Each structure stands twice: as structure tokens, then as C-alpha cells.
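Encoded as C-alpha cells, the structure appears first; notes follow it.
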Amino acid sequence: MGTLVEEIFSRRLGRTVNAGEIVMVNVDAIMSHDNTTPLAIKAFSEIGKPIRDTSKIVIHFDHAYPAPNQLAAENQQKIVRFIQAQGIDNFYHRGVCHQVMIEEGYVKPGGIVIGADSHTVTYGALGCFSTGLGSSEIGAAWVTSKCWFKIPETILVRLEGNAPAGVYSKDVMLALAGQLGMDGGTYRSLEFAGSYIDALPAHARIVFSNMSVELGAKCGLIAPDQITLDYLASETKAQGPFDQFTAVNPRYERTITIDVSALQPMVACHPDVDQVKPLAEMIGLTIDQVYLGTCTNARYEDLEIAAGILKGRQVSRFTRTLITPASQTIYEKALAAGLIQIFLDAGCTVNAPGCGACIGRHGGILAPGERAFTTMNRNFIGRMGSAEAEIYLGSPAAAAATAIEGRIADPRPYLA
Amino acid sequence: MSRAWKFGESLNTDEIIPARFNLTIVPQELAQKVFCEVRPDFAPGVQPDDVVVADANFGCGSSREHAPIAIRGAGVKVVIAASFARIFFRNAINIGLPIMECPEAAAGISDGDEVDVDLTQGKIYNRTRGTEFQAAPLPAFVLKISEAGGIVNFLKTHDVEELTA
Ligand code: SF4
């Protein structure tokens with residue numbers, strides 16, 4: 001009974017759980033990566049107890065991988081030694097942690113997953129409660145396999161209608177960010193529903209959950225349906241049978257409705273995710289670097305959209321165009337389908353899967369005064385290097401059109 | 001008997017402890033700078049077991065644990081607020097700072113009032129005005145984490161099963 005988040009916790013605890021309650025539950029997976037694992041190891045060592053269940057621990061190398069400098073290399077060396085000493089099996093360097101968590105089967109409807117990364121909320125698109133925590137709590141969870149949560153109130157986001165050509169789930173999410181603001185979902189569960197979501201493929205739904213943390217939310221959930229189950233079966237190693245459930249007589253704190261059919265391509269402008277404008281208003285702004293990557297928008301379908309626009313064309317000579325597939329699996333699929341060749345022919349640079357340029361550690365750092373157009377989820381000052389650089393966020397299609405013109409460009413004329 | 005220190009709405013983590021003082025995580029050192037810009041009389045004047053009372057969205061802003069550590073380091077018994085920002089709420093419990101969410105108490109307590117609390121029952125008494133408020137009581141396991149000084153400390157000497165026992 002209740003909202004999706006209340007349903008998930010009620011099922012887990014075998015009793016009705018309501019918003020506002022604080023509960024302690026067993027978690028299904030405890031995720032961390034090269035950036036956050038060292039502090040978790042520190043908390044774990046202070047506690048001085050053994051790991052409860054190594055099979056729940058999942059560690060990724062993705063944030064600065066392959067190591068761009070000696071410090072990162074030494075950090076990763078320490079983590080590897082810890083993994084070996086503790087006998088942890090689930091260790092990956094196959095791309096961005098969140099994509100790999102989904103592909104490798106750690107994400108299931110009704111599941112509860114915690115991670116030392118704010119975008120752990122990504123798994124909500126598949127009906128899994130997931131949220132980001134600090135490293136000390138991750139270290140504590142290694143010892144306990146448990147975590148406590150305060151069940152949040154829920155804001156229902158109803159997305160209705162069909163998206164016009166050139167408008168993708170990223171544009172819809174940016175429109176919502178512009179409307180709700182960066183604190184509009186603080187501490188809330190965002191529940192995405194409506195006819196637009198019902199018809200949306202799972203890979204595109206992931207954008208909403210991924211970016212719900214940009215609005216301050218604790219989680220961003222979508223009810224698992226047949227589309228979810230088909231995606232899990234065909235694109236992931238998750239083993240069924242899978243839980244299917246919906247909100248039952250939910251009480252929402254408020255409801256926001258957006259008519260998707262009235263939207264146009266959007267862009268989030270420097271320096272905040274909620275500085276959202278129609279892309280049309282920003283056309284012509286010169287761009288030094290285009291980055292198609294990250295846990296938000298570097299899935300196979302995103303690459304396919306960009307390749308469709310870049311095929312037989314050249315990117316602008318002074319616009320460095322970086323393509324970073326979210327995972328090795330996606331990279332392989334794109335290679336087999338000829339997408340990588342299209343990118344290379346167009347003059348793009350294809351990077352190793354991972355977070356790449358997203359956190360300004362390596363793989364595409366910006367100089368002062370430079371401007372990037374990216375498919376990322378955040379455009380905070382200094383995120384990609386210089387604090388005097390600017391970051392604009394948009395869809396993969398807008399990124400591809402922008403790469404060709406060297407200026408922010410409307411993707412619609414390029415869509416056949 | 002504890003004195004109430006009253007704060008307004010959306011007090012952020014920088015107002016609790018400015019980022020430039022976050023080079024240490026020693027509670028007593030952080031405590032010397034706690035609220036230094038918004039309330040310079042706080043650190044010199046606060047007595048052990050005083051309470052902090054605030055309006056909605058207390059502790060918004062960054063996720064740094066320094067903010068609740070600084071307040072705990074000052075000897076504050078409990079923070080009572082109309083509501084807390086999500087990460088502050090979590091961090092407070094995990095580092096062992098008791099908190100109570102109660103909009104009525106936040107509205108009904110003024111700076112300098114004498115306040116008593118019963119954490120287990122969720123009761124808040126304003127002795128100055130003779131009023132009483134009910135916050136949602138914290139679950140027993142949360143109080144155990146608080147009493148131990150935080151989750152890492154708790155687990156050093158206890159099993160997690162003891163939390164829910
Ligand atoms: S791709 Fe960017 S946002 Fe996603 S996990 Fe990596 S650093 Fe974080």
C-alpha cells in the first residue's frame with residue numbers, strides 16, 4: 001500500500017511502511033568506486049570487524065581509469081590489494097559504475113542498493129530503490145549488510161503525450177529541472193509516470209532516475225512494467241523471476257504534470273542544472289569541446305542517435321568531439337554495428353569507457369574560457385577542469401549537431 | 001535545564017561551519033567556529049546540554065559531516081528543527097548528534113527559552129512558557145547509534161544485531 005518507495009520497503013519488511021518512518025533493512029548490493037572506496041576502507045578499518053557478506057560488495061574502477069597519474073594509480077593499487085585480501089569477487093573496470101551495475105545484474109525491481117556515489121539513484125528507472133551515501137556508511141554496511149533509511153514523501157511527476165521529433169528524455173528531464181529547480185525534490189522520492197513514461201524504452205527512462213539527484217531527490221522511481229522486464233532479460237545478467245508492482249492508493253505530497261508534446265529541445269546553461277532554456281535561444285554559441293558520455297547519456301541508443309547525425313559528416317575542426325561509451329558492453333555493440341567507424345570517420349575521438357571527462361580528472365579537461373556542450377548531468381563550476389570554463393547540457397542529438405557546426409545547434413534539421 | 005539557541009530557516013552547512021574551517025575533523029576544534037558568522041556569540045556562550053532550535057530545512061547545502069560534528073563538539077544535546085535537509089539528517093544520526101523534527105516546537109520556542117527534552121518519548125518541554133510538544137520519537141536503534149557517538153563507533157564495540165534487538 002502506498003507510493004512506490006513505500007511499496008518497496010513494505011515488501012522488504014513484510015509490513016506496511018509509511019513516509020516519515022525510519023527503518024533498518026538488509027541491502028542487496030553495496031557499490032563504491034575508485035574515488036570513494038579508499039574512505040570506505042578507512043571507516044571499515046576503524047570499525048575493525050569482518051565483512052558480513054563479500055558477495056554484496058561491488059567495486060568499480062571508472063572515475064579515473066585507466067589511472068591518469070601516479071596518485072590515482074597508487075590509490076587503485078591499495079584498493080586492489082584490499083579486494084584481494086578480503087576475497088571480494090565483484091570487481092569491475094568495464095565502464096561507468098552505474099551502467100555496469102545494471103548490465104551485470106545487481107539491479108532488480110524491488111531491490112535495495114546503496115552506493116558511495118550520488119548518481120546511485122540511477123537504478124530507480126528499473127524499479128529498484130537506490131541512493132547515494134557517504135563512504136563511512138558504505139564501510140559500515142560492509143560489516144553489517146544493513147542500512148537505515150527514512151522513508152521519503154513522494155512527488156509524482158506525470159509526463160503526458162508524445163515527444164515531438166528531436167525531443168528526447170534528456171530534454172524532458174531538463175525541462176523538469178527548469179521547472180522544479182535544484183532543490184525542488186529535496187529529500188523526496190520522485191515518481192515518474194504518465195503516458196510518455198509508459199511508452200518510453202528503458203534506456204531512455206534511466207535519464208530521469210539518474211538526474212533526479214540533480215533536483216535534490218533521494219530516489220527517482222519508475223514502476224516496473226513489461227518494458228522493464230524485457231530490458232532486464234535482454235540487456236542485463238539479472239536473473240528472474242522479477243517482481244512487478246505499482247503504487248497502491250498512493251498519497252503524494254504534490255503532483256507535477258508536463259505536456260511532453262509541447263516541448264522543444266532544451267539546454268541547461270552555465271553554471272546550474274536548473275538554468276534551463278529552449279535550445280533555440282542558445283543557438284550559435286561557439287563550443288570548444290563536445291562530450292558524449294556519462295551515466296546519463298552514453299548508452300548504445302544514445303550513440304546510435306549521434307551516429308545517425310554524424311554519418312557522412314565532419315565535426316568542426318576546432319571542436320574537439322569526445323565519445324566515451326558508458327561501458328565495454330556498449331562499446332562492443334557500437335563497434336559491431338559500425339557506429340565507432342562512423343565516429344572515427346567524422347573526426348571524433350573515441351575514449352575508453354568510464355567517467356572520462358565528466359569529473360575533470362582526465363580524458364578531456366577544459367581550459368579557462370572554454371565552453372563544452374555535453375550529455376552529462378551536472379554543469380557545476382569547475383566540474384570539467386578550469387573554474388573559468390562553461391558547461392552546457394543537452395541531448396546526444398544536440399551534442400552531435402553542435403559538434404558538426406562548432407556552435408550550439410538544433411538537431412532537428414539533421415534528423416532524416 | 002537547557003537554554004535554546006534559535007535559528008531561522010534553511011540554515012546551510014556553510015553557516016554552521018564555514019568550509020575554510022573544515023581542515024580538521026576534531027569535534028572540539030570545529031566547535032570553536034560553529035555558527036561563527038551567523039551567531040558569533042554561540043561558541044563562547046554555549047553550555048553543555050543546550051539545545052539548538054531552527055526553522056525548516058536545517059543543514060542544507062554540502063554533504064560534509066563537519067557540520068553535525070561541530071554542533072556535537074559544542075556539547076549541544078539535541079537539534080530541534082521544523083525539518084532537516086536530507087544529508088544533514090543522515091549525517092547527524094551517523095555521527096551521533098540527536099535530532100528531533102517538530103514544526104510546532106520550532107515555532108513555539110524563542111531564543112533563550114529554557115527547554116527540556118525526552119529523546120526516547122519524543123517530548124519537548126518549553127519550561128519558560130510551560131508548553132509541551134510531541135516530536136516523532138526516534139526509533140530505538142537510532143538512539144543507540146547516537147549514544148555510541150555514531151555508526152562507526154557503535155560498530156566498534158557492538159554487533160549490528162544489537163541495534164534492532
Ligand atoms: S559518469 Fe559522471 S556523473 Fe556518472 S558516475 Fe561517472 S563521474 Fe559520476
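Over the residues of the protein assembly as shown, the helix contribution to mean residue ellipticity at 222 nm works out to -9000 deg cm²/dmol, using -39500 (n - 2.57) for each DSSP H run of at least 4. Averaged over peptide A:45-57, the number of partner chain Cβ atoms lying within 10 Å of each residue's Cβ comes to 2.
Between residue A:314 and residue B:12, the modelled labels are 4.6 nm apart [label points 7 Å from Cα along Cα→Cβ].
Here is the tail figure for the range A:134-267: Cα pairs spaced more than 23 Å apart come to 41 percent of all pairs. Simple rule: put +1 on each Lys or Arg Cβ and -1 on each Asp or Glu Cβ in the range A:86-234, find the dipole, and look at A:123, A:204, A:165; the Cα lying farthest toward the positive end is A:123. Largest GNM mean-square fluctuation among A:388, A:191, A:160, using chain A with Cα springs under 10 Å: A:388. Annotation: extensible slack from residue A:251 through residue A:335 equals 25.6 nm (criterion: 0.36 nm per residue apart, minus Cα-Cα distance). Three principal axis extents of the range A:300-344 based on alpha-carbon atoms, in descending order, are 30, 17, 15 Å. Entry note, the range A:267-414: relative contact order of 35 percent, from Cα contacts under 8 Å with a spacing of 6+ residues. Residue-normalised convex hull volume from the C-alpha trace of the range A:372-413: 59 Å³ per residue. A cut-off under 11 angstrom between Cβ atoms defines the neighbours of residue A:27, and their net charge, with Lys, Arg +1 and Asp, Glu -1, is +1. Rounded to the nearest 0.05, the FRET efficiency derived from the C-beta distance between residue A:261 and residue A:182 at R0 = 41 Å is 0.95. Taking every alpha-carbon pair within the range B:2-136, the share separated by more than 20 Å comes to 37 percent.
Its residue count N sets the reference 2.2 N^0.38 Å, and the alpha-carbon radius of gyration of the range A:213-343 equals 1.34 times that reference.
Under Stokes-Einstein, with the Kirkwood radius over Cα pairs as Rh, the value for the range A:158-210 at 25 °C and 0.890 mPa s is 210 µm²/s. Where the alpha-carbon atoms of the range A:62-126 are placed on the principal axes, they occupy 39, 25, 18 Å, in descending order. Ranked by the mean number of other Cβ atoms within 10 Å of their residues, highest first, the peptides A:175-182, A:209-216 fall in the order A:209-216, A:175-182. The length gained by stretching the chain between residue A:243 and residue A:286 to full extension, at 0.36 nm per residue less their Cα-Cα distance, is 10.7 nm.
Summarising the amide proton neighbourhood of residue A:52: residues at separation of 5 or more, or on other chains, whose placed amide H is nearer than 5 Å comprise A:143, A:144, A:145.
For residue A:56, the aspartates and glutamates whose Cα falls under 12 Å of its own Cα, not counting residues fewer than eight places away in the same chain, are A:28, A:89. The Cα-based radius of gyration and maximum Cα-Cα distance (Dmax) for the range B:65-165 are 14.0, 43 Å. Calculated from the alpha-carbon coordinates, the range A:267-414 shows an Rg and a Dmax of 13.6, 39 Å respectively. Just need log10 I(q)/I(0) for the range B:92-142 at q = 0.14, 0.18 Å⁻¹, Debye formula, equal scatterers on the alpha-carbon atoms, no solvent, rounded to two decimals. Rounded to two decimals, the profile gives -0.36, -0.57. With 31 Å as the limit, the listed pairs A:42/B:123; B:33/B:144; A:150/B:6; A:49/A:218; A:146/A:170 have A:42/B:123; A:146/A:170 beyond it between alpha carbons.
Legend: P(r) of the range A:321-364 from all alpha carbon pair distances, 5 Å bins from 0, whole percents, reading 5, 26, 29, 22, 13, 4, 0.
Each Lys and Arg contributes +1 and each Asp and Glu -1, all at the Cβ; summed about the Cα centre of the range A:4-258, the dipole is approximately 560 debye.
Simple point charges give the picture: +1 on the Cβ of Lys and Arg, -1 on the Cβ of Asp and Glu, and for chain B a dipole about the Cα centre of about 280 debye. Contact order, relative form, for chain A: 18 percent (alpha carbon pairs under 8 Å, 6 or more residues apart, mean separation divided by residue count).
Convex hull volume of the Cα atoms of the range B:15-67, normalised per residue: 90 Å³.
Simple rule: put +1 on each Lys or Arg Cβ and -1 on each Asp or Glu Cβ in chain A, find the dipole, and look at A:181, A:234, A:155; the Cα lying farthest toward the positive end is A:234. Here each label is just a point 7 Å from Cα along the line to Cβ, and for residue A:21 and residue B:1 those points are 4.0 nm apart.
Let me know the longest stretch in chain A that avoids all trypsin sites (Lys or Arg not before Pro) found in a DSSP loop with at most 12 other C-beta atoms within 10 Å.
A:16-236
Exposure proxy for B:36, A:269: other Cβ atoms within 10 Å of each Cβ, ordered fewest to most, give B:36, A:269. Here the ratio of the Cα radius of gyration of the protein assembly as shown to 2.2 N^0.38 Å is 0.98.
Both radii were evaluated on the Cα set of the range A:4-258; the Rg over Rh quotient, with Rh as the Kirkwood radius, amounts to 0.97. As a rough footprinting exposure proxy, the listed residues A:142, A:148 were ranked by other beta carbons within 10 Å of their own, and the order from fewest upward is A:148, A:142. Residue separation of residue A:42 and residue A:54 scaled by 0.36 nm, minus their Cα-Cα distance, works out to 2.6 nm of gained length.
Here the range A:1-145 is treated as an ellipsoid with the same Cα gyration tensor; its semi-axes, largest first and in whole Å, are 28, 17, 12.
A cut-off of 5 Å between modelled amide H atoms, ignoring neighbours fewer than 5 places along the same chain, links residue A:349 with A:321, A:322, A:323.
Every read-out reported here was derived from the displayed coordinates using simple, explicitly stated rules and does not represent laboratory data. A quick note: this is a predicted structure, and the numbers were derived from the prediction, not measured. Because the Cβ atoms are built from the backbone with ideal geometry, glycine has one as well, and the counts that use them run over all protein chains shown.
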